[in-house]
Amino acid sequence: MSHVVRDALAIAVQIGQPVLLWGGPGEGKSRVVEQVAGQLGRPCEVVVGSVREASDFAGLPVRVGDSVSFAPPRWAQRCVDRPDTVVFLDELTTAAPQVQAAMLRVVLEREVGDLRLPGEVSFVAAANPPELSAGGDDLAPPLANRFCHLEWEATTAEWVTGMLHGWEPRAVPVVPEEWAAAAVRWRALLAGFISARPSVLRSVPTDVVAQGRAWPSPRSWDHAHRAAAAAESAGAGSEVRHALVAGLVGGGPAIEFLRFADTADLPDPESLLEAPSTLPVDVRVDLLLAALASVVTAVAGRPSEERWTAAWEVLAVACDAGRADLAAVAATTLVDLREPGWPAPPAASAFAPVLRAAALV
């Protein structure tokens, strides 16, 4: 349904996740991007890749005295005046290879010539499938893996309704400022899932066409947990959450991860830090890993010696229950959170080898 894609697009824009809309010519991809930007109160800069030169992204070389600077184009300069701008890169796959490479630098490094774009700028690209576009080419894997791939197609019913009643778009979900709190839970869920299913962490397709779409990598999984957290915080439905995660890591891995997340009932990490003995140890391996990861993540988000020490006590409960191998996974990360001057807590004695390696004891 197109409303699912629209909502997913709006959420991605709000968290700064680059999006690539795939769809045939005449489906209204440009229109929906401009509409969503307008609904969010953001300006939209349209840059058509097929008619641009690499200098429109890398900057035009200008001699200044004995050196050369790269002057940014006007569209990039306007982004500095409005940091919340949505940059719309249209006809991405019909751009020349050198232009695609220049676009990659903009999306990855947020740099246009010698100008660095504000961190609030969001990127949305649109492309026709290669078989439907003149001079179209498959997307390079490094560029493809940085986008959330969404399939855009206007349904017949929605098109008829628009023709009869107008094209006023429905409201899009708004991501609240406190959405980062949900990211703690989803980060822990992802850690538990990948620990139990390590083969899903990375899988570069061998097919050239598939390499230009969504596939799992450490980077895309990191983006996926943020997108899922933002969708949950915005009150978006499960279809929107699936569209975002599948658009980043692919359909199969997304189904596995979201099924795991739906069945997991993780305890509140703050409650575990207050009462370590309440850690549920008689649960599946993946759920225990996720629970321990949530504790470590909570400490990382608000570190203090007291919370760090309490986290070791939570891990000690798992160790006493015969799950030392699982607790050691979290212990390695917890060691990295230590600040100078924090002594090794007694509860960490079961992890002496890890502590010695980190020069804590």
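Annotation: extensible slack from residue 55 through residue 339 equals 97.7 nm (criterion: 0.36 nm per residue apart, minus Cα-Cα distance). Here the chain is treated with +1 on each Lys and Arg Cβ and -1 on each Asp and Glu Cβ, and its dipole about the Cα centre works out to around 420 debye. Computed from the C-beta positions of residue 138 and residue 39, the FRET efficiency with R₀ = 25 Å rounds to 0.20.
Listed by Cβ neighbour count within 10 Å, with the fewest neighbours leading, 91, 151 appear as 151, 91.
Here 312, 342 are placed in order of increasing Cβ neighbour count within 10 Å, fewest first, which gives 342, 312. Of all the options 70, 88, 57, the one that moves most in a Gaussian network model of the chain with Cα springs shorter than 10 angstrom is 70.
Per-residue Cβ neighbour counts within 10 Å put 3, 149 in the sequence 3, 149, beginning with the fewest.
All of the numbers you see were taken from the coordinates with simple rules; none came from a lab. Everything numeric in this text was worked out from a predicted model, so none of it was measured. Reconstructed Cβ throughout: ideal geometry from the backbone, glycine too, with neighbour counts over all protein chains shown.
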